[in-house]
Amino acid sequence: MFFKETSVTKVTVSPQGAHQTRDIPIRGVAKDSPYSLVQIDELLYYKSTEGVCVYDGNYPIDISEALGAVTYRHACG
């Protein structure tokens, strides 16, 4: 998986060499926070342009409300 600001690119590997990529439009990783990605158990946490997200492989959920009304930049996981 490769994160951009407005999408994630999933790479599917095939034993026959027919690898595929698919862009999925979701809240991606903010440009100013590329080191914010951290995996805890089976969840991925990161800083998006809108706030802090948790991603389980389906769709990211914004969890910023629990952090208060602070704007974070240059986040590090």
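Odds and ends about this structure:
- If R0 equals 30 Å, the separation of the Cβ atoms of ARG73 and ASP41 corresponds to a calculated FRET efficiency of about 0.65.
- Accessible surface ranking for TYR45, TYR59, TYR35, TYR72, 1.4 angstrom probe, highest first: TYR35, TYR59, TYR72, TYR45.
- Using a Förster distance of 35 Å, the FRET efficiency for THR49-VAL11 (Cβ separation, nearest 0.05): 0.90
- Averaged over its residues, the chain has an accessible area of 72 Å² per residue, based on protein heavy atoms and a 1.4 Å probe.
- Counting only trypsin sites (Lys or Arg not before Pro) that DSSP places in a loop and that have at most 16 other Cβ atoms within 10 Å, the longest clean stretch of the chain runs over 32-72.
- Computed 3J(HN,Hα) for the range 59-68, one whole-Hz value per residue from the Karplus formula 6.51 cos²θ - 1.76 cosθ + 1.60 where θ = phi - 60°, is 8, x, 10, 6, 10, 5, 4, 5, 8, x, glycine and proline marked x.
- Of all accessible heavy-atom area on the chain, the percent that carbon and sulfur account for (1.4 Å): 54 percent
- Distance from the C-alpha centroid of the range 57-77 to that of the range 1-43: 17 Å, rounded to the whole angstrom.
- Spin-label model, ILE63 to LYS31: label points 7 Å out along the Cα-to-beta-carbon direction sit 2.7 nm apart.
The values are calculated or read from the model by the stated rules, or taken from the named source; none is laboratory data. None of the values given here were measured: they were computed from a predicted structure. Note that each Cβ is placed from the backbone with ideal geometry, even for glycine, and that neighbours are counted across all protein chains shown. SASA here: full protein model, heavy atoms, side chains in, ligands and nucleic acids out. Shrake-Rupley method; radii C 1.70, N 1.55, O 1.52, S 1.80 Å.
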